[in-house]
Amino acid sequence: MDIKYTPAEIELKWQTHWQEKGIFTVSEDPGRKKYYLLEMFPYPSGRIHIGHVRNYTIGDVVARYKRMKGFNVLHPMGWDAFGMPAENAAIERGIHPSVWTHENIDNMRKQLKRMGFSYDWDRELATCEPEYYRWEQLFFLWMYEKGLAYKKSSTVNWCPKCETVLANEQVEAGLCWRCGSEVGEKFLSQWFFRITAYVEELLACCDKLPGWPERVLTMQKNWIGKSFGCEAAFPMANGTREIKVFTTRQDTIFGATFMLVAAEHPLVMELAAGKPCEEAVREFVEKIKKQDKKMRTSEYYEKEGVFLDTYCLNPVTGRKMPIYAANFVLADYGTGCVMAVPTHDQRDFEFAKKYDLPLIVVIQPHDKALNVKTMTEAYIDEGILVNSGPFDGMENLKAQEAIAAHLEKIGRGKKTVQYRLRDWGISRQRYWGAPIPMVLCDDCGTVPVPEQDLPVILPVDVEFTGEGGSPLARYAPFLETTCPRCGKAARRETDTMDTFVESSWYFDRFCSARHDARPGLDRAKVDYWMPVDQYIGGIEHAILHLLYSRFYTKVLRDFGVLGVDEPFTNLLTQGMVCKETTRCPEHGYLFPEEVREGMCTQCQKPVAIGKTEKMSKSLKNVVDPDYLIQAYGADTARIFCLFASPPEKDLEWSDQGVDGSFRFLARTWRIVVDYLEMIGGAAPFAGDRELEGDLKALRRKTHQTIRKVTSDIEDRFHFNTAISAVMELVNALYQLPRPAANDALALSVVRETVETIILLLAPIVPHITEELWQLIGRREALADVAWPVFDPAVASEEVITIVIQINGKVRSRITVPADEEGEQITALARADERIAAQIAGKRILKEIYVPKKLVNIVVQG
RNA sequence: GCCUGGGUGGCGGAAUUGGUAGACGCAAGGGACUUAAAAUCCCUCGGUCCUCGCGGCUGUGCGGGUUCGAUUCCCGCCCCAGGCACCA
């Protein structure tokens, strides 16, 4: 029989079959154990990229595997459909964001279906639909009622290119996370979610997420940034008021010689008011405010300040301390004011040197003596307190507690805790987002839209000019409304919500995706499916999306719409897909198809092979999934993504590697097809007879492979080693001398091996395996066949190789029965010809026997 | 600067609890089949030395240590990637 492996044909055939039969449509079944597998849903940019292929393949393997293990698997897919690229397309090309988004979704859905992913498409959702965001608006109203959503005027991060506000989390090294523009500052009235109300729970639960990678939890903990310290009050020298500071180093308070206030802090102008320095201070403050974020975070940014012609008193020493406004003090951390201890803080040291301010050493290190005249930098390590009144001679760390108590006793402070985490600013001055359901009335102020008036639907026929601000703010039919409270003319809120709000609960919505009754989540269904058992996505969301989702889950829990504390039990963060870059001296970076035999196709000059980097359009080192599917098929694309490296590591793209993956599938196909006529009528070996020789070995290998593949998938998601193991089994089948056509026993063993290969590969390459399964005469849907189990007795070796070492070096190997006694084995080791020769005449100091592994004989000399 | 990861053949990667380093794949070389090539199937493949053997030595970023034994544990250093970065 000669049937060719034609991926394009069989893949389409089975994809159609799965869809028509509704194989992957699921519903709640209290009698079965559920498994909720979720991959991060994509932004519908128009085309899937290799990163998606990898992410969704990893998820699909686990989903299909769990299904074969008997779980009721929920595996949904949807679209993170709001966001700026749609609006930019509207401005640049005149396509409405909705049209653009839906066309992209249609195209990407086709691409995902062509990959053969086992999604329940009946649950598909797009966050830009009113059926979705209406519930988000409802939750917003509830959050407003509870004070969890509030409006506040504040300085915000402003991206001049996107013309919108960015959350702190969305500013990366002073640049916009999305477009890379320099981020500036603006003073605006903004909506916030009070994520800080849950900060302790968010922090505490980090320790209750054993299924999350340590580094993600570390990043979140650092982001939350809890620090223990002390609030201390410094009275003004003229006795009018006091200045409060937060410090984690109250042990150094006796060395505080001046006071610093953030330049933007209102206190600065208050203190300078009416003084000769007022004009100079105002100039300084204006200058600092104008400087953009990037400047202020750069390394070369010099510490600067201006004296406010005012003094306060050190509460423990009574020393008169000059007050300065400074550019490097953060206005929105702690109290915005800092006690400066130049001897033990590097920043304060630099500031003191520049403005010639006094230094007092209060911590002496154990190994040297500090002298304020010769110090070239602050001493920030441990030591013994000096110049610290009653605390002299104490270890500085031990004094922390004592000094905090002292401050409390004299009524000048108390122990406190500070967090780095700020509330989540969710206002965006953009059109393509979920409208914030609020009305602004001149008389009543900010008034929520009544629940029964939801959803506030995004109007369609607005104008996209590309000019600053939101199109909604210029569109009267949306803007103009009446106040729900007093009935007078009023304006709608035109800000829309940050798209991270939609992605903070889409996993809940998947549980009851078509539920159209308040509150959009069917509690019974959500209770059945949530939490997500396994969440899979890119490490780039380690902070933003994952922290917001955790917060939103807790909010919804407290509203009683769901019953879990944490949304994702296990998290797998997959690595990036990378590829080497190619560069022509004349034409710059080249796409792979612009290079032929090391030459640029345009100018024939040799191209330079550059660094391997994350695939990106700007570096042109991209591989088009459509091309891959066309050339090799979806199964090859899938198996290559899994085989090239374990999921959490970066994957380096290799065209030869893809060839190799295809060859393996073709090789597997060939051996099964070769055997087709012979094993077509055979039943798999049932274990009812004794096997010997090659057949026994093949069957052992078969059962060992089941064991290996099962644990690789189940315990570690190490698909690369699982695939290696199946490759070995296929190689073993090739090695088996071809049995005679009438050798029923041998053929039944071969059949068992063939079926095992198909089943083990089924979650990884579902199309070729469905086809082979059918070819060998099986009729049931492969997706629902039970995962094979191995027989430990069959899988165990009856002889094992024992390594014999002399002084830790391998000198020989012996083969012994698996159940041989240790004493017998050491005796055999000593008797081994080569060992005996080498230990002859030497004194044996020690013999170590590691069961089933090795014997190490330690001899003298 | 701080916090995470990581560094193993020509390459991607194995080695799951301190116990045979280099599974599997790619590339390379050789053989079979073929008029020939492709495809396929089989074999070899870390380095080095010789007496060419089921040989010796060496080898998991570098230097030390613990141990009968270290890719694995400890100390110090170098390099790479990611995150944070004036958080008082």
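The values are calculated or read from the model by the stated rules, or taken from the named source; none is laboratory data. These numbers were taken from a predicted model, which means no experiment stands behind them. With ideal geometry, Cβ positions are generated from the backbone for all residues, glycine too; neighbour counts draw on all protein chains shown. Note: areas computed on protein heavy atoms with side chains; ligands, DNA, RNA excluded. Shrake-Rupley method; radii C 1.70, N 1.55, O 1.52, S 1.80 Å.
Only one of A:834, A:813, A:843 is open to solvent by 90 Å² or more (accessible area, probe 1.4 Å), farther than 23 Å from residue A:796 by Cα and touching a Ser or Thr at 6+ places or on another chain (Cβ under 7 Å); which?
Details: A:813 fails: farther than 23 Å from residue A:796 by Cα; A:843 fails: touching a Ser or Thr at 6+ places or on another chain (Cβ under 7 Å).
Within the list A:834, A:813, A:843, the selection yields A:834.
Per-residue answers, yes or no, for (1) under 20 Å from residue A:451 (Cβ atoms); (2) in contact with a helix residue (DSSP H, G or I) (Cβ under 8 Å, 6 or more places away or on another chain); (3) more than 16 Å from RNA strand B (Cβ to nearest atom):
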site	(1), (2), (3)
A:488	no, no, yes
A:493	yes, no, yes
A:496	yes, yes, yes
A:501	yes, yes, yes
A:505	yes, yes, yes
A:519	yes, yes, yes
A:525	no, yes, yes
A:528	no, yes, yes
A:532	no, yes, yes
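Inside segment A:255-312, counting only helices (runs of 4 or more DSSP H) that do not spill past its ends, which hold 3 or more residues that are at pLDDT 85 or above? Reasoning before the result, please.
Working: elements: A:266-272, A:278-290, A:293-297.
Fully inside segment A:255-312 and qualifying: A:266-272, A:278-290.
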Sort out which residues of segment A:364-408 are surrounded by fewer than 15 Cβ atoms within 10 Å (Cβ to Cβ) and polar (S, T, N, Q), and write them in order of number.
-> A:371, A:374, A:376
Near pairs, Cβ below 7 angstrom, 6+ apart or cross-chain, from segment A:840-852 (in the same structural domain as residue A:803 (by TED's automatic domain parsing)) to any residue that is within 12 Å of RNA strand B (Cβ to nearest atom) and open to solvent by 70 Å² or more (accessible area, probe 1.4 Å) | A:842/A:860; A:843/A:860; A:845/A:860
Of (1) open to solvent by 60 Å² or more (accessible area, probe 1.4 Å); (2) in contact with a strand residue (DSSP E or B) (Cβ under 9 Å, 6 or more places away or on another chain); (3) modelled with pLDDT under 80, residue A:617 satisfies every one except (2)
Cβ-Cβ below 8 Å, separation at least six or inter-chain, first residue in segment A:714-727 and on the phi < 0 side of the Ramachandran plot, second near RNA strand B (Cβ under 6 Å from one of its atoms) and open to solvent by 30 Å² or more (accessible area, probe 1.4 Å): which pairs?
-> A:720/A:644; A:721/A:708; A:722/A:708; A:725/A:708
Counting only residues that are in contact with a Ser or Thr (Cβ under 7 Å, 6 or more places away or on another chain) and modelled with pLDDT of 80 or more, which one in segment A:580-591 is least open to solvent (accessible area, probe 1.4 Å)?
-> A:590
Of all residues making up segment A:784-823, the number that are small (Gly, Ala, Ser) and more than 15 Å from RNA strand B (Cβ to nearest atom) | 2
Do we have any residue at all in segment A:629-641 that's of a type in the set (Asp, Glu), touching an Asp or Glu at 6+ places or on another chain (Cβ under 9 Å) and not assigned by TED's automatic domain parsing to the domain that holds residue A:60?
-> yes
Run down A:656, A:630 and say which single residue is surrounded by fewer than 18 Cβ atoms within 10 Å (Cβ to Cβ) and either touching a residue at least 60 places away in the same chain (Cβ under 8 Å) or in contact with a helix residue (DSSP H, G or I) (Cβ under 7 Å, 6 or more places away or on another chain) (or both).
-> A:630
Mind checking whether some residue in segment A:603-620 is within 22 Å of the chain's Cα centre (by Cα), assigned to a helix (DSSP H, G or I), in contact (Cβ under 8 Å) with a residue 24 or more places away in the chain and within 16 Å of RNA strand B (Cβ to nearest atom)?
-> no
Residue tally, condition within 13 Å of RNA strand B (Cβ to nearest atom), open to solvent by less than 30 Å² (accessible area, probe 1.4 Å) and closer than 16 Å to residue A:166 by Cβ, over segment A:177-219 = 1
What number goes with the only condition from (1) open to solvent by 40 Å² or more (accessible area, probe 1.4 Å); (2) within 30 Å of residue A:628 (Cβ to Cβ); (3) more than 14 Å from RNA strand B (Cβ to nearest atom); (4) polar (S, T, N, Q) that residue A:742 does not pass?
-> (2)
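Within segment A:266-281, can one find any residue that is near RNA strand B (Cβ under 10 Å from one of its atoms) and crowded, with 16+ Cβ neighbours inside 10 Å?
So in segment A:266-281, the residues near RNA strand B (Cβ under 10 Å from one of its atoms) come out as none.
No, segment A:266-281 contains no residue that is near RNA strand B (Cβ under 10 Å from one of its atoms) and crowded, with 16+ Cβ neighbours inside 10 Å.
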